[in-house]
Number of protein chains: 2
Amino acid sequence: MSIQQSPVSSAIAAPPELGALLDAVKDELELVEKFLNSNLVDDSPFIEELLGQVFKAGGKRLRPALSLLVAKATSNPRGEVNRLHIILAVLTELIHTASLVHDDVIDSASLRRGQETVNRKFSDKLAVLTGDLLFAQASVCLARLMNPPIVGIYGQVLGDLCAGEIRQMRQQFVLNIDWNTYIQKSIWKTASLFAAGTQSAPILNHCKDEVVSAMKQYGLNLGICFQIVDDLLDVTASSSQLGKPAGSDLSQGLITAPTLFVLERKDEAAARLEQLIKTRAVSSAEGIEESLEIIRANGGVESTVNLAHNYARAARETLSVIPASSYRDCLDQMVDWLLTRTN
Amino acid sequence: MSIQQSPVSSAIAAPPELGALLDAVKDELELVEKFLNSNLVDDSPFIEELLGQVFKAGGKRLRPALSLLVAKATSNPRGEVNRLHIILAVLTELIHTASLVHDDVIDSASLRRGQETVNRKFSDKLAVLTGDLLFAQASVCLARLMNPPIVGIYGQVLGDLCAGEIRQMRQQFVLNIDWNTYIQKSIWKTASLFAAGTQSAPILNHCKDEVVSAMKQYGLNLGICFQIVDDLLDVTASSSQLGKPAGSDLSQGLITAPTLFVLERKDEAAARLEQLIKTRAVSSAEGIEESLEIIRANGGVESTVNLAHNYARAARETLSVIPASSYRDCLDQMVDWLLTRTN
């Protein structure tokens, strides 16, 4: 298995291309893109410029795509979706982007997706406001859905995103993290928003509770899997693949799955790794290099791959509840793509 | 007329006390206070501590009080309100507070209402997240109202708040501001949120459109009046009354009503004031002192008082649409209080 190329792909013969999967919702994603750049709050050209600056950096649009694929897979046999599904997809990406813009202020990041960040190009001040503006645009979208249960779902998602970030901040260099805490944090930070999109799409289709609940579980498990792969890539990918220094989670004292697996061995390797974290040696180039070496040499990668596969399997199993279709196949292949992504 | 004591009170014999006005909604405001401190998103004690830190600083709770007074004045003759009105009041204060927390990060402020700000006590990072958390709590409240039109109103308010701040940022040291721009900015920054609370209360009471629309106009005009008085106090009050340096708007290049009135005279005083702003001399202690002197000596205060009275009158006139009651009297006296406030 080539760790550098594709960390979790060992079980898969020909990994799917994301582009091919997204083709199934190509027209809808074009509408989403246009909508993302629309100023919904006033008629100021500067606000349009700001939105343009934020969204021209691109991004995979994974969350809107998942929501749209679920919308089609739970719609009629022709996979028809309506304007509300587009708004839902936009809303989901707006919340994701708002949290990224605020993260970049918090971390003083200067590049995101190869583009200058708002804080770098303009100022921290404007970046805080830009994040708020994106949340405001999301609220306007939410209002347009006119669907109280979906308002409730997204209200909780916003809370989860903040709670997850605040907890993560407070758990830096805390060693006695357990698996529950780790998975819960992954839900708050990532899976909760995935699930909101995949759950709300069948709600808009007036699907039965059983389908809504299954699609929520699909998003939740896929989101956890996505976060685990993210945490794995931090250990296995090169800095150039990641666009940030490898090992940056651990160097900030964030204990994720690969580290947790080694720490719970309670052997010599675990003791040394614990020492490197406790003394904050992980924050230095040599310290992080040694730590990553320990993790790779002591099964941290393999165990994390297995963990990701468990959540991938759980995501896939939920799909049996919805009728067979090309869109359901895409949702199935999306799980494979997630396991093979390298950035 | 004693400018230092009560800038806009010349027309009023015995200005009402805010405490006496708030007595009419005392029980409800106690519930609001409890709710503001409740963690609605998860079970983390640290998040409760954060909310406690934010809300223990107090504040007048003017926005929730106005919303509750309108709720009572547009309810049955006994002035009964329900749980939804409490949630609406909480929601309104949460949005106000979230925007203050982000403003404090943006301005690197260390004190707010006599308490250490979140950015000062913890960090900028946590303060950005705390503002986001308060917006998230507001979204949870909004969801609980289960009322799509109110979701729409508050979505627009969030947009207005951001658009107002972003425009204000971009208009620093811009001299050719016109009255439309000034009033529009006051609506975005302040009056839009006032109006959301006073408009949504009768919506929850299932009032006729005429009443809803009148109460929206009440909040809008009162909010503009509030902002004008704020801008006036920046020129007339002492630094100790304001809890910040007097003239701080103008020293940052923000052109508000008292300055606008002098600038539009196009005489020698206007030319000198324009020069002080253009050369950014207003940012120095001597420059701001001279500027404030020019404004006070050339009718800037009196004209602004008149402008505030115009909006106060417009607010008051809307009240004829609702039946006479002690609560309507409070709403009427609230206008007087606003004109006489000194901080």
Exercise. From (1) more than 25 Å from B:Ala109 (Cβ to Cβ); (2) outside any loop (DSSP other than H, G, I, E, B), pick out the condition that doesn't hold for B:Ser186.
Key: (1)
Exercise. Please name all residue pairs, on different chains or six or more residues apart, with Cβ atoms under 6 Å, provided the first residue is in the range A:125-136 and is of a type in the set (Asp, Glu) and the second residue is assigned to a helix (DSSP H, G or I) and buried (at least 24 other Cβ atoms within 10 Å of the Cβ).
Key: A:Asp132/B:Cys162
Quiz prompt | the range B:283-303, residues that are acidic (Asp, Glu) and over 15 Å from B:Ala270 (Cβ atoms) | solution = B:Glu286, B:Glu289, B:Glu302
Quiz item: Yes or no: B:Val151 closer than 28 Å to A:Gly164 by Cα, more than 20 Å from the chain's Cα centre (by Cα) and not hydroxyl-bearing (Ser, Thr, Tyr)?
Solution: yes
Quiz prompt | Long-range neighbours under 7 Å by Cβ, at least six apart or interchain, first residue within 19 Å of A:Asp230 (Cα to Cα) and among the basic types (Lys, Arg) within the range A:323-343, second crowded, with 21+ Cβ neighbours inside 10 Å and at pLDDT 95 or above | solution = A:Arg341/A:Val229
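Looking only at the range A:218-228, decide whether some residue is at pLDDT 95 or above, touching a His at 6+ places or on another chain (Cβ under 9 Å) and surrounded by 21 or more Cβ atoms within 10 Å (Cβ to Cβ). Spell out the reasoning first.
The first filter runs over the range A:218-228 and keeps only residues at pLDDT 95 or above, leaving A:218-228.
With touching a His at 6+ places or on another chain (Cβ under 9 Å) added as a condition, the list becomes A:225.
Now drop any that are not surrounded by 21 or more Cβ atoms within 10 Å (Cβ to Cβ), which leaves A:225.
Yes, the range A:218-228 contains at least one residue that is at pLDDT 95 or above, touching a His at 6+ places or on another chain (Cβ under 9 Å) and surrounded by 21 or more Cβ atoms within 10 Å (Cβ to Cβ).
Name the single residue, out of those in the range B:174-183 being assigned to a helix (DSSP H, G or I) and touching a Leu at 6+ places or on another chain (Cβ under 8 Å), that is farthest from A:Glu48 (Cα to Cα). I'd like the intermediate steps shown before the answer.
Looking only at the range B:174-183, we keep the residues that are assigned to a helix (DSSP H, G or I), and these are B:179-183.
Narrowing the set further to residues that are touching a Leu at 6+ places or on another chain (Cβ under 8 Å) leaves B:179, B:182.
On the way: B:Trp179: 24, B:Tyr182: 21 Å.
Among them, the one singled out is B:Trp179.
Mind telling me which of the residues A:Val41, A:Val81 ends up being buried (at least 21 other Cβ atoms within 10 Å of the Cβ), within 11 Å of chain B (Cβ to nearest Cβ) and not in a helix (DSSP H, G or I)? It would help to see each step written out before you state the result.
Numbers: A:Val81 fails: within 11 Å of chain B (Cβ to nearest Cβ).
None of the others qualify; the one that does is A:Val41.
For the range B:44-68, what are the residues that are more than 14 Å from chain A (Cβ to nearest Cβ), of a type outside the set (Phe, Trp, Tyr), assigned to a helix (DSSP H, G or I) and farther than 19 Å from B:Ala191 by Cβ?
In the first step, residues of the range B:44-68 are kept if they are more than 14 Å from chain A (Cβ to nearest Cβ); the result is B:52, B:55-68.
Add one more test, that the residue is of a type outside the set (Phe, Trp, Tyr), and what stays is B:52, B:56-68.
Now drop any that are not assigned to a helix (DSSP H, G or I), which leaves B:52, B:62-68.
Hit for the range B:44-68 is B:Gly52, nothing else.
Can you tell me how many residues within the range B:12-38 are over 17 Å from B:Ala73 (Cβ atoms) and part of a helix (DSSP H, G or I)?
Of the range B:12-38, the ones over 17 Å from B:Ala73 (Cβ atoms) are B:12-15, B:17-19, B:30-38.
Among the residues that remain, those that are also part of a helix (DSSP H, G or I) are: B:18-19, B:30-36.
Total satisfying the criteria: 9.
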Quiz item: Does the range B:293-313 contain at least one residue that is under 30 Å from B:Asn76 (Cβ atoms), of a type in the set (A, V, I, L, M, F, W, C), in a helix (DSSP H, G or I) and modelled with pLDDT of 95 or more?
Solution: yes
Quiz item: Which residues, taken from the range B:69-78, are surrounded by fewer than 24 Cβ atoms within 10 Å (Cβ to Cβ) and either part of a helix (DSSP H, G or I) or not polar (S, T, N, Q) (or both)?
Solution: B:Pro77, B:Arg78
Practice problem: Scan (1) of a type in the set (S, T, N, Q); (2) in a helix (DSSP H, G or I); (3) within 14 Å of another protein chain (Cβ to nearest Cβ) for the single condition B:Gln217 breaks and write down its number. | Solution: (3)
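The values are calculated or read from the model by the stated rules, or taken from the named source; none is laboratory data. As the structure is a computational prediction, the values presented were derived from the model and not from experiment. Positions of Cβ are backbone-derived with ideal geometry, glycine not excepted, and every protein chain shown enters the neighbour counts.
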